[in-house]
Amino acid sequence: MKLKISFPEERVKSPILSEVIIKTGILVSIVSSHVDSKGGEIIIEVIDKSYEAIKDEFESRGVAVQLLDTLICRDEKECVDCGACISVCPSKVFGYAEDWSLTMDTQKCIRCGLCVGMCPHQALSIDGTDCE
Amino acid sequence: MAKTIAEINEKIASGNVCVVTAEEMSDIVDNIGAEKAAKEVDVVTTGTFGAMCSSGVFLNFGHSEIPIKITKMFMNDVEAYSGIAAVDSYLGATQVSEKLGIKYGGAHVIEDLICGKEVEVVAQSYGTDCYPRKELTTTITLDDLNQAIMVNPRNVYQRYDAATNGSKKIIHTYMGELLPDFKNVTYSGAGILSPLSNDPTYRTIGAGTKIFMGGAEGTVVGEGTQCSTASGYGTLMTTANLKEMTKEYVNAASFEGYGTSLFLGIGIPIPILDAEMAQATAVRDKDIEVSIKDYSIGKRDRPVVRNANYEELRSGSISLNGKDVTTSCMSSFKKSRDVAEELKRRIVAGTFLLGANTTTLPPKQSTKPMKETNKTPVVRDVMGEKVITVDESAGIIEAAGLMKQNERNHVSVLSNGKLVGIITSWDISKAVADGNTDTVNACMTKNVITCSPDETIDVVAKRLTEFKISAIPVIDSNQNVIGMLTSEHISKLFTRGKHE
């Protein structure tokens with residue numbers, strides 16, 4: 001599962017991620033990271049059973065943890081099943097079903113955003129809000 | 001045994017017509033042969049659903065209480081051409097919003113009208129004795145218009161090129177996002193279901209042919225603009241009533257970094273007059289050729305990376321330069337199929353009769369390039385032709401000597417005769433200042449940005465700015481260095497006057 005770790009401004013310089021990894025021994029994949037002087041946001045991936053333990057460790061250090069269950073959203077009213085998104089996705093989230101409708105394996109999404117720009121119908125979003 | 005369109009229409013009216021889609025027809029002809037298929041099948045329906053940029057709508061607004069002869073008009077901040085009479089205008093799909101730019105354009109206004117939404121209209125005029133009003137602002141819906149007639153200058157291209165990108169950076173095109181280093185391929189069209197691929201000699205498609213267009217019943221006006229029958233790139237001008245269209249078959253689109261377009265569903269019924277037509281409609285994806293072109297080359301004639309067919313493109317990946325590359329379709333095959341199925345349903349139900357084409361497309365017509373009277377010079381015209389190179393294993397002293405001797409600031413670096421880097425006087429200054437007296441290889445820039453001799457200067461000048469570089473090696477199609485273009489060469493263009 002993927003988690004969004006949000007650092008406040010005053011914690012940016014602390015090696016929190018390293019501390020949590022060493023303390024818990026949980027293996028973490030970094031999906032994306034945006035950190036600057038005003039704060040930071042790191043998306044990590046961990047195995048499902050590590051969720052509670054790693055969440056507690058981060059939160060005890062004043063870092064917010066949000067479970068990302070909607071990694072990528074599709075507005076089905078706008079999507080025309082063209083499949084333009086298929087070839088720009090680096091993690092093969094998109095494909096065609098037997099009837100040429102678009103399929104999505106959202107758990108593979110790394111939230112790079114390439115498909116969002118590719119979609120001619122602005123049907124895809126990764127803003128983290130729930131899909132309608 | 002040949003059938004006529006009138007006979008087929010009688011069958012439709014009496015409910016005894018045999019209609020199949022172009023997908024189904026391929027199997028039928030394979031199974032029973034063209035002769036027999038022509039006896040059994042009366043109509044083959046085709047369909048396509050993709051970006052049709054050359055689309056727009058003629059609108060008539062009716063006269064206001066104090067009449068106005070509109071000279072400029074905006075609909076939701078998108079300009080509609082109004083140099084036609086007093087209250088007529090033409091709203092083009094690719095015209096973009098004055099305020100929102102490419103996020104919203106004529107195509108979106110068209111979609112909003114179809115969906116019954118209100119659209120703000122702002123109009124201006126200079127005022128005349130018969131049309132005194134000079135300004136007007138109102139809000140309209142599709143119902144308020146007298147006419148809204150879609151007339152699309154160029155739709156349903158017979159063939160499309162597929163796109164890839166051989167450059168080092170992502171590019172944004174009307175074929176979508178193209179990843180660097182040939183990492184993806186995008187293509188358009190419906191292959192087996194594509195209307196003109198099922199009648200490639202245009203026997204039954206021409207002025208007067210009745211078509212399914214955006215959910216409405218439309219007509220082919222005749223040849224489309226840029227119609228090039230000689231090279232197999234036929235196009236059609238089409239028309240239908242916007243008031244009869246539905247969002248299901250008409251969708252506005254915005255391509256990042258490019259602009260707006262209209263996705264439109266068009267289906268053409270093909271009368272199976274004889275075995276020849278049955279054979280034509282048996283076409284399959286593998287029979288339809290597509291050229292994959294490098295869209296990073298900003299020229300009219302883009303180089304073909306390879307040729308492919310729709311079967312290969314639709315398999316999901318294709319081999320390019322020895323690597324498997326993922327393909328994406330910019331048209332919707334699912335919706336293309338919906339169009340062909342819906343057209344079939346209407347014909348079987350007797351609500352859609354065929355229209356005989358009164359004029360055929362002009363055969364053997366080709367498209368001319370634009371006549372340009374003030375040509376932009378190309379790289380070849382201004383580059384330095386004396387090629388100064390150094391091997392990557394040479395010392396930087398040797399490179400510095402070459403620069404001094406030839407009065408150059410940039411030298412191309414080769415390895416086994418191939419370009420592997422570029423070294424500048426700045427690179428050497430840095431190395432010396434840092435106390436390095438290494439080989440050229442250690443100091444050079446390895447990710448070299450290059451250009452071809454036929455690219456225009458404005459395109460390459462933009463590249464120099466973009467990559468913050470002051471010189472660019474010119475390479476031919478065999479990757480051999482044939483010159484160097486520097487910012488000084490470009491500056492000289494202006495000091496010595498416009499290049500002839």
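The values are calculated or read from the model by the stated rules, or taken from the named source; none is laboratory data. Quick caveat: nothing in here was measured; it's all calculated off a predicted structure. Here Cβ is always computed from backbone atoms with ideal geometry, including for glycine, and neighbour counts include all displayed protein chains.
Observations
- Search result, residues across region B:70-110 that are in contact (Cβ under 8 Å) with a residue 40 or more places away in the chain, small (Gly, Ala, Ser) and outside any loop (DSSP other than H, G, I, E, B): B:Ser82, B:Gly105, B:Gly106, B:Ala107
- Residue satisfying all of: in region A:1-37; within 25 Å of A:Gly113 (Cβ to Cβ) and without any contact (Cβ under 8 Å) to a residue 24 or more places away in the chain; surrounded by the fewest Cβ atoms within 10 Å (Cβ to Cβ) among these: A:His34
- Hits in region B:181-214 (condition: within 14 Å of chain A (Cβ to nearest Cβ) and out of contact with any strand residue (DSSP E or B) (no Cβ under 8 Å at 6 or more places or on another chain)): B:Asp181, B:Gly191, B:Ile192
- When B:Gly176 is tested against (1) surrounded by 22 or more Cβ atoms within 10 Å (Cβ to Cβ); (2) on the phi > 0 side of the Ramachandran plot; (3) more than 10 Å from chain A (Cβ to nearest Cβ); (4) not acidic (Asp, Glu), exactly one condition is not met: (3).
- Any hit, region B:330-352, residues being more than 27 Å from B:Gly208 (Cβ to Cβ) and away from chain A (no Cβ under 14 Å): no
- For region B:1-59, the tally of residues that are small (Gly, Ala, Ser), in a loop (DSSP other than H, G, I, E, B) and under 30 Å from B:Val87 (Cα atoms) stands at 2.
- Per-region count, region A:94-117, residues more than 8 Å from chain B (Cβ to nearest Cβ), hydroxyl-bearing (Ser, Thr, Tyr) and not in a strand (DSSP E or B): 1
- Inside region A:63-93, residues that are more than 9 Å from chain B (Cβ to nearest Cβ), in contact with a helix residue (DSSP H, G or I) (Cβ under 6 Å, 6 or more places away or on another chain) and not aliphatic (A, V, I, L, M) make up a count of 1.
- With respect to the conditions (1) surrounded by 13 or more Cβ atoms within 10 Å (Cβ to Cβ); (2) of a type in the set (D, E, K, R); (3) at pLDDT 90 or above, B:Lys462 lacks only one, and its number is (1).
Yes or no, residue by residue, for (1) free of Cβ contacts under 8 Å to residues at least 40 places away in the same chain; (2) in a strand (DSSP E or B); (3) of a type in the set (A, V, I, L, M, F, W, C):
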position	(1), (2), (3)
B:Val290	no, yes, yes
B:Arg302	no, no, no
B:Leu313	no, no, yes
B:Ser319	yes, yes, no
B:Thr326	no, yes, no
B:Ser336	no, no, no
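- Across region B:386-421, the qualifying residues are those that are out of contact with any helix residue (DSSP H, G or I) (no Cβ under 8 Å at 6 or more places or on another chain) and basic (Lys, Arg), and the one among them that is nearest to B:Pro473 (Cα to Cα) is B:Lys418.
- Condition met for A:Ser50 (of a type in the set (Gly, Ala, Ser), modelled with pLDDT of 85 or more, outside any strand (DSSP E or B) and farther than 30 Å from B:Gly259 by Cβ): yes
- Scanning region A:118-129 for residues that are part of a loop (DSSP other than H, G, I, E, B) and within 16 Å of the chain's Cα centre (by Cα) yields A:Ile126, A:Asp127, A:Gly128, A:Thr129.
- B:Ser254 passes every criterion in (1) of a type in the set (Gly, Ala, Ser); (2) buried (at least 17 other Cβ atoms within 10 Å of the Cβ); (3) away from chain A (no Cβ under 14 Å) apart from (3).
- Condition check for B:Leu273 on (1) under 26 Å from B:Gln226 (Cβ atoms); (2) in contact (Cβ under 8 Å) with a residue 24 or more places away in the chain: one failure, at (1).
- Test set (1) closer than 28 Å to B:Pro303 by Cα; (2) among the polar types (S, T, N, Q); (3) in contact with a helix residue (DSSP H, G or I) (Cβ under 9 Å, 6 or more places away or on another chain) - B:Thr204 fails condition number: (1)
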